[in-house]
1. Report, by residue number, each residue of the range 118-150 that is within 25 Å of residue 307 (Cα to Cα) and assigned to a loop (DSSP other than H, G, I, E, B).
2. Is there a residue being at pLDDT 95 or above and under 18 Å from residue 136 (Cα atoms) anywhere in the range 38-54?
3. Within the range 62-117, restricting attention to residues that are in contact with a strand residue (DSSP E or B) (Cβ under 7 Å, 6 or more places away or on another chain) and part of a loop (DSSP other than H, G, I, E, B), which residue is surrounded by the fewest Cβ atoms within 10 Å (Cβ to Cβ)?
4. Considering 307, 228, 212, which residue is under 21 Å from residue 183 (Cα atoms) and surrounded by fewer than 15 Cβ atoms within 10 Å (Cβ to Cβ)?
5. What pairs can you find where one residue is in the range 113-129 and without any contact (Cβ under 8 Å) to a residue 60 or more places away in the chain, the other is surrounded by fewer than 18 Cβ atoms within 10 Å (Cβ to Cβ), and their Cβ atoms are less than 6 Å apart, with a gap of 6+ or different chains?
6. Among the numbered criteria (1) in contact with a helix residue (DSSP H, G or I) (Cβ under 6 Å, 6 or more places away or on another chain); (2) at pLDDT 95 or above, which single criterion is violated by residue 74?
7. Out of (1) closer than 30 Å to residue 296 by Cβ; (2) at pLDDT below 95; (3) within 21 Å of the chain's Cα centre (by Cα), the odd one out for residue 13 is which?
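The values are calculated or read from the model by the stated rules, or taken from the named source; none is laboratory data. What you are looking at is a predicted structure, and each value in this text was computed from that prediction instead of being measured. Positions of Cβ are generated from backbone atoms using ideal geometry, with glycine treated the same way; all protein chains shown enter the neighbour counts.
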């Protein structure tokens, strides 16, 4: 699938949960970079040069040990890099400088699990990534990487939400490759917004007929997409009628025991923000690994309000709705 991958690590087992997923989506000829960012201790005063050198050496040794296992699991070329600075900023800069296709990142790291679905570094990286993002739920890790051998993750069911847009459909080739590699079943799903008349109706028969009418175009649409998946692909289609898109998909994920959600960074809402509404919901609120394929280059992403206000970048030029 991917030929250039970046995997940020911080030395913790939680962060290492991303490794099995990196091996699962890397091509045999891929180049995987393992990155550890060393951050100075806040408020600790001047950094002792010798202590800092020892930290760098320890990080280099750690990354090389992990790289050996990842080479065995993926067959890819694995390199290591120790950087310094603020973690999220350095991860993004390395991703951009190395032209990484995908950042494979655990939701949590050395800070441990928390009440938040994604740790602070993960949120920052996801908010500004001009590369695709595979976000792994570190708090759901099983046996720590390497303790029972170096094995890639296996995906049996992959959920692919589609909204009818060409931008949303650009994930289909990647979904096909992933399904072929893992022998996975693709679950194509399209959710139709509930018409107001259904919500107010007290007539069960009328409600069923209205839902049937509302979902028929979606069924035809998914059958067309299904035909693009090839005759040997294992594909199921689901057309659901509900007003709450994300909650409906969450329920389906639980029912089907989905291993991975695969979707485009943008769909009908073709804005220049890093991710559309649905991918953002999966990042912040989902409980399943999610692979978001970025369809915008770094330079096309709209800068945040904070970047503009602080003078870190110029305000974007106004664009017409069609251009957005």
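1. 118, 119, 129, 130, 131
2. Kept after step one, since they are at pLDDT 95 or above, are these residues of the range 38-54: 38.
Of the ones still in play, those that are also under 18 Å from residue 136 (Cα atoms) are none.
No, the range 38-54 has no match at all.
3. Only one residue fits best here, namely 99.
4. On the way: 307 fails: under 21 Å from residue 183 (Cα atoms); 212 fails: under 21 Å from residue 183 (Cα atoms).
The unique qualifying residue is 228.
5. Once the first residue is without any contact (Cβ under 8 Å) to a residue 60 or more places away in the chain and sits in the range 113-129, its partners that are surrounded by fewer than 18 Cβ atoms within 10 Å (Cβ to Cβ) give 119/111.
6. (2)
7. So the condition that residue 13 fails would be (1).
Here's the yes/no breakdown for (1) free of Cβ contacts under 8 Å to residues at least 60 places away in the same chain; (2) part of a helix (DSSP H, G or I); (3) in contact with a helix residue (DSSP H, G or I) (Cβ under 9 Å, 6 or more places away or on another chain); (4) exposed (fewer than 14 other Cβ atoms within 10 Å of the Cβ):
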residue: 18; (1), (2), (3), (4): no, yes, yes, no
residue: 33; (1), (2), (3), (4): no, no, yes, no
residue: 55; (1), (2), (3), (4): yes, yes, no, no
residue: 58; (1), (2), (3), (4): yes, yes, no, no
